[in-house]
């Protein structure tokens, strides 16, 4: 019982520290219309450092995965997606266009335990170039395969296309 209480307290403390805000943070509106403060979107300490005050990709990805209103603002609609054709026996990939009203929220949060769980194991990596980032999700012995392509536009990250060819 003490171990559970200690772990719970540790997770709560970790969560509170990761959600701390600074006074210079940027503002965004959530789905209720009230103003919220985003996590500071600087570039310090990230593998996605960009000159000129570009948004930190990891902080962006946290907001992108957590808040639907933020995500809807950061997807370049209509977006082109490569997905399996469910009408085809071999589930051959096909291209489709998704508009804002057909969008389903993505959760790209990743925990390293996802690679060791019993079902749907996968790992996730992020590849960077000068103005792009690709979130790669690869299943472990299960057919999960997805790439999400982000582009830095005016120092802000946007999802520009995706490839979900899991079977």
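Bear in mind these aren't lab numbers, they're just calculated from the coordinates by the rules spelled out. In this text, all values refer to a predicted model and were calculated from it rather than measured experimentally. Cβ: placed from backbone, ideal geometry, glycine included. Neighbour counts: every protein chain shown.
A few points about this structure:
- In this label model, residue 89 and residue 109 are separated by 4.2 nm, measuring between points 7 Å along each Cα→Cβ vector.
- Shape class of the range 41-164 from the alpha-carbon gyration tensor: oblate, with a/c at 1.5 or above and b/c at least as large as a/b.
- Gained length - residue 123 relative to residue 167, 0.36 nm times residue gap less alpha-carbon distance: 14.2 nm
- Between residue 98 and residue 132, the simple spin-label model (points 7 angstrom out along Cα→Cβ) gives 1.9 nm.
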